[in-house]
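Asker: Encoded as structure tokens, here's the structure I'll be asking about.
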Amino acid sequence: MSIGAGATALSAWMLKPVLNHMVDGEGFKTLQYLAAGVTGLFFVRGLATWGYQVVLARTGNRIVASVQRKLYEHLLQQDMRFFHGRHSTELMTHLGGAASGVRDALQVVITSAGRDVLTLVGLIIVMIIQDPVMALIALSIMPLGGYALNRLIRRVRQSARRSYAGSALILETIQETVQGIRIVKSFNLEASMRKRMNDAVREVERSVNRMASGQAISSPISDGVAGIAIGAVIFYGSWRVSIAGADPGSFFSFVGALLMAYEPGKKIARLHLDIQSGLTGARMIYEVLDTPAQEKTETDLPNLQVSEGRITFHDVSFSYRDEEPVLDELNLVAEPNSTTALVGPSGGGKSTIVALIQRFFQPADGQIRIDGQNIMDVDLASLRDKIAFVSQDVFLFRGTIRDNIAMGKTGATEDEIVDAARMANAHDFIMGFTSGYDTNVGEQGAQLSGGQRQRIAIARAFLKNAPIILLDEPTAALDSESEREVQKALDSLRHGRTTIVVAHRLQTIVNSDRICVIENGRAVETGTHDELIVAKGTYHAFFATQFGESATPVKFGASARSH
Ligand SMILES: Nc1ncnc2c1ncn2[C@@H]1O[C@H](COP(=O)(O)OP(=O)(O)OP(=O)(O)O)[C@@H](O)[C@H]1O
Ligand SMILES: [Mg+2]
């Protein structure tokens with residue numbers, strides 16, 4: 001950059017000997033050298049520009065890459081609350097758009113601070129050498145332009161923020177349209193989605209326009225200011241040359257330097273304006289980066305040791321929002337070598353219990369223990385290593401069925417994957433596809449049926465072969481036959497393991513060793529099916545309303561069908 005700036009200043013300075021020799025009418029030879037010199041200087045300037053642009057682009061791209069990596073790393077360390085409070089597209093805009101905005105802003109800053117400032121300094125030196133008084137006249141007008149430009153900044157900044165928000169909304173609409181296309185079509189939502197999209201697009205267009213006109217208005221301002229400066233210089237200069245008899249070379253060199261200084265001067269003046277969009281992006285990135293990492297992976301905590309696998313809740317209270325308790329001094333024991341079923345009305349807190357065991361959230365009060373160790377005092381990764389989880393809403397990743405099952409265990413062999421799929425009663429339907437285990441599941445498993453997705457999720461959990469199994473309604477989307485098969489697999493798995501299963505289906509409930517009725521964030525009843533029926537309490541009532549008085553609880557193996 002300094003080579004380029006030096007070359008520019010030198011070429012302005014050379015106007016003086018060029019003009020003076022021309023006026024002298026002699027030095028044609030000198031002029032030839034000067035011509036060659038100017039040509040050379042421009043080549044040097046071009047090469048220097050090429051060099052710094054390559055370096056700058058690479059530096060900028062590396063910054064984008066490192067910001068993206070850092071942001072993602074930070075995302076991984078956030079807890080559920082962080083994610084539940086945001087729309088995924090908001091984070092996408094931050095990760096994608098904002099990072100490159102930062103790069104662009106940085107490049108503008110570096111170019112201005114480097115090339116433009118250096119060039120300007122060089123040219124100002126030339127001006128001072130040629131005519132100090134004229135230089136003073138020209139320079140005194142500069143602050144005026146700077147002041148006028150700074151007033152535009154606030155407007156540009158606001159528009160930049162709006163355009164980011166609008167872009168996030170566009171992404172959000174596209175994402176929800178793609179993922180919810182069945183609902184969009186079935187409910188004839190095309191018109192309202194179109195309106196949402198149009199509003200977002202219009203908002204982005206409007207704010208980008210506003211940003212552009214804010215930035216463009218800097219041109220008339222700086223042109224006006226420059227016009228005044230150049231006019232004053234020409235007036236004073238021609239007086240000096242024609243009346244006071246100064247040499248014309250200095251004058252022309254001065255004007256040359258002044259004209260050349262205009263571009264970099266203008267760029268520096270609007271620097272603040274041009275980086276507003278990037279600064280807004282940077283601010284959003286730091287908003288995410290400054291959210292403290294919630295899931296600190298303290299390395300000094302001991303690993304969880306599972307000997308039996310007894311899970312106990314001691315007076316656990318928890319709420320998602322203040323003043324809205326979800327769990328209220330809950331006490332619960334899940335015995336090893338057995339299956340504990342959590343049953344109860346929707347919204348009672350069953351999924352929350354399953355989430356707390358995995359430390360997705362932190363209880364406000366009370367303790368959760370596994371074999372006597374408080375789960376808050378053990379290494380988080382070691383805790384989750386010991387747990388196999390099937391969530392209520394099955395999630396599949398991009399890729400094939402094999403990829404999705406293999407997520408359960410790093411380095412799983414083909415045999416292990418097939419075994420897990422067999423246990424989950426998934427092998428047969430998988431082999432029914434022409435591509436078998438290589439069948440693509442589509443985005444979030446869109447190419448599979450609900451029951452198939454569920455069995456893949458179960459296979460993934462089986463493959464993990466963990467001592468604690470948490471199943472949130474694992475058989476909700478299965479037909480009775482598949483349910484029975486999965487049930488059989490669960491049954492064989494329970495030995496040497498602790499299983500907690502959130503259940504709505506008769507078959508699953510009846511086959512559990514113990515049943516825990518969760519209502520309003522408390523375990524209101526605990527016992528075996530027979531005990532609870534005899535007790536004629538909440539479970540009895542629940543059972544009667546769910547399955548009817550007549551439903552005979554048939555232990556696994558017979559054909560119990562709920563209606
Ligand atoms: N992320 C969240 N933020 C705020 N409230 C939540 C959140 N998740 C759940 N809740 C609330 O907590 C309560 C318990 O929810 P939970 O998912 O544990 O119920 P559940 O017993 O699993 O119900 P279901 O049988 O319908 O799955 C509900 O009132 C629910 O609205
Ligand atoms: Mg639930």
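Asker: Does MET407 satisfy being touching a helix residue (DSSP H, G or I) at 6+ places or on another chain (Cβ under 7 Å), over 30 Å from ASN520 (Cα atoms), at pLDDT below 90 and more than 16 Å from ligand 2 (Cβ to nearest atom)?
Answerer: No, not satisfied.
Asker: Select from the stretch 383-413 the residues that are crowded, with 20+ Cβ neighbours inside 10 Å, within 16 Å of ligand 1 (Cβ to nearest atom) and not in a strand (DSSP E or B) and list them in ascending order.
Answerer: Across the stretch 383-413, the qualifying residue is only VAL394.
Asker: A follow-up question, please. Being touching a residue at least 24 places away in the same chain (Cβ under 8 Å) and part of a helix (DSSP H, G or I) is the requirement here; does VAL184 meet it?
Answerer: When the stated conditions are applied, VAL184 does not pass them.
Asker: Quick check: anything in the stretch 246-267 more than 30 Å from the chain's Cα centre (by Cα), farther than 24 Å from ILE500 by Cβ, more than 16 Å from ligand 1 (Cβ to nearest atom) and not in a helix (DSSP H, G or I)?
Answerer: Yes, that holds for at least one residue.
Asker: Would you say ASP479 is over 23 Å from ALA412 (Cα atoms) and within 16 Å of ligand 2 (Cβ to nearest atom)? So that I can check it myself, show each step before the final result.
Answerer: Values: over 23 Å from ALA412 (Cα atoms): yes; within 16 Å of ligand 2 (Cβ to nearest atom): no.
It is false that ASP479 is over 23 Å from ALA412 (Cα atoms) and within 16 Å of ligand 2 (Cβ to nearest atom).
Asker: Please go through (1) away from ligand 1 (no atom under 12 Å from the Cβ); (2) touching a residue at least 24 places away in the same chain (Cβ under 8 Å); (3) not charged (D, E, K, R); (4) not in a loop (DSSP other than H, G, I, E, B) for ALA355 and return the number of the only condition it doesn't satisfy.
Answerer: (1) is the only condition that ALA355 fails.
Asker: Can you tell me which condition THR299 does not meet? The list is (1) at pLDDT below 90; (2) in contact with a strand residue (DSSP E or B) (Cβ under 7 Å, 6 or more places away or on another chain), and all the others hold.
Answerer: (2)
Asker: Considering the stretch 46-85 alone, what residues qualify as being over 13 Å from ARG103 (Cα atoms), in a helix (DSSP H, G or I) and among the polar types (S, T, N, Q)?
Answerer: THR49, GLN53 - these are the residues of the stretch 46-85 that are over 13 Å from ARG103 (Cα atoms), in a helix (DSSP H, G or I) and among the polar types (S, T, N, Q).
Asker: Step by step: first the residues of the stretch 446-479, then only those that are at pLDDT 80 or above and among the small types (Gly, Ala, Ser), then the one that is farthest from MET431 (Cα to Cα). Which residue is that?
Answerer: Among residues in the stretch 446-479 that are at pLDDT 80 or above and among the small types (Gly, Ala, Ser), the one farthest from MET431 (Cα to Cα) is ALA466.
Asker: Something else about it: Output the residue which, of all residues in the stretch 429-476 that are over 23 Å from ALA334 (Cα atoms), more than 16 Å from ligand 2 (Cβ to nearest atom) and polar (S, T, N, Q), is farthest from the chain's Cα centre (by Cα).
Answerer: Taking the candidates together, the pick is THR434.
Asker: A further question on this structure: Which residues, taken from the stretch 329-343, are buried (at least 19 other Cβ atoms within 10 Å of the Cβ) and among the β-branched types (Val, Ile, Thr)? Lay out the reasoning, then the answer.
Answerer: First, the residues of the stretch 329-343 that are buried (at least 19 other Cβ atoms within 10 Å of the Cβ): 330, 332, 334, 336, 339-343.
Scanning the stretch 329-343 gives THR339, THR340, VAL343.
Asker: Let me ask something additional. Just one of ALA226, ALA200 is assigned to a helix (DSSP H, G or I), at pLDDT 85 or above and hydrophobic (A, V, I, L, M, F, W, C); which is it?
Answerer: None of the others qualify; the one that does is ALA200.
Asker: Here's another thing I want to ask about it. Which pairs have Cβ atoms under 7 Å, sit 6 or more apart or on different chains, and link a residue in the stretch 326-352 that is more than 20 Å from ASP365 (Cα to Cα) to one that is outside any loop (DSSP other than H, G, I, E, B) and within 11 Å of ligand 2 (Cβ to nearest atom)?
Answerer: From residues that are more than 20 Å from ASP365 (Cα to Cα), the pairs are LEU342/LYS350; LEU342/ILE353; LEU342/VAL502; LEU342/ILE518; GLY344/LYS350; GLY344/ILE518.
Asker: Does MET431 satisfy the criteria of being away from ligand 1 (no atom under 16 Å from the Cβ) and free of Cβ contacts under 8 Å to residues at least 24 places away in the same chain?
Answerer: Criteria met by MET431.
Asker: What number of residues within the stretch 302-334 are of a type in the set (Asp, Glu), within 16 Å of ligand 1 (Cβ to nearest atom) and part of a strand (DSSP E or B)?
Answerer: 3
Asker: Report yes if LEU123 is modelled with pLDDT of 80 or more, more than 18 Å from MET284 (Cβ to Cβ), hydrophobic (A, V, I, L, M, F, W, C) and part of a helix (DSSP H, G or I), otherwise no. Give the derivation first.
Answerer: Numbers: modelled with pLDDT of 80 or more: yes; more than 18 Å from MET284 (Cβ to Cβ): yes; hydrophobic (A, V, I, L, M, F, W, C): yes; part of a helix (DSSP H, G or I): yes.
Spelling it out, LEU123 is indeed modelled with pLDDT of 80 or more, more than 18 Å from MET284 (Cβ to Cβ), hydrophobic (A, V, I, L, M, F, W, C) and part of a helix (DSSP H, G or I).
Asker: Just give me the residues in the stretch 203-223 being at pLDDT 85 or above and not in a helix (DSSP H, G or I), in sequence order.
Answerer: Residues satisfying the conditions do not exist here.
Asker: Take the residues in the stretch 133-159 that are of a type in the set (Val, Ile, Thr) and assigned to a helix (DSSP H, G or I); name whichever of them is nearest to LEU271 (Cα to Cα).
Answerer: The extreme case among them is ILE153.
Asker: Can you name the helices (runs of 4 or more DSSP H) wholly within the stretch 419-524 that have at least 3 residues being of a type outside the set (Asp, Glu) and touching a Ser or Thr at 6+ places or on another chain (Cβ under 8 Å)?
Answerer: 450-464, 480-493, 506-510
Asker: Within the stretch 311-368, restricting attention to residues that are basic (Lys, Arg) and more than 13 Å from ligand 2 (Cβ to nearest atom), which residue is nearest to the chain's Cα centre (by Cα)?
Answerer: Looking at residues that are basic (Lys, Arg) and more than 13 Å from ligand 2 (Cβ to nearest atom), I get ARG359.
Asker: Here is a follow-up. Consider only pairs whose beta carbons are under 7 Å apart and that are at least six residues apart or on different chains; among these, list those whose first residue lies in the stretch 504-527 and is without any contact (Cβ under 8 Å) to a residue 60 or more places away in the chain and whose second residue is of a type in the set (Phe, Trp, Tyr) and surrounded by 23 or more Cβ atoms within 10 Å (Cβ to Cβ).
Answerer: Short answer, once both residue conditions are applied: GLU525/TYR539.
Asker: From the list ARG310, ARG283, pick out the single residue that is free of Cβ contacts under 8 Å to residues at least 40 places away in the same chain and over 17 Å from VAL517 (Cβ atoms).
Answerer: ARG283
Asker: Could you look through the stretch 40-68, keep only residues that are loosely packed, with under 12 Cβ neighbours inside 10 Å and of a type outside the set (Gly, Ala, Ser), and pick out the one that is farthest from the chain's Cα centre (by Cα)?
Answerer: The initial filter retains those residues of the stretch 40-68 that are loosely packed, with under 12 Cβ neighbours inside 10 Å, namely 43, 50, 54, 58, 62, 66.
Going one step further and asking which of them are of a type outside the set (Gly, Ala, Ser), we end up with 43, 50, 54, 58, 62.
Working: PHE43: 44, TRP50: 34, VAL54: 28, ARG58: 23, ARG62: 18 Å.
Per the criteria, the residue is PHE43.
Asker: Does the stretch 270-319 hold any residues that are loosely packed, with under 13 Cβ neighbours inside 10 Å and within 30 Å of SER338 (Cβ to Cβ), and which are they?
Answerer: Residues satisfying the conditions are PRO302, GLN305, SER307.
The values are calculated or read from the model by the stated rules, or taken from the named source; none is laboratory data. All of these numbers come straight from a predicted model, not from anything done at the bench. In this analysis, Cβ positions are derived from the backbone assuming ideal geometry, glycine residues included, and neighbour counts consider all displayed protein chains.
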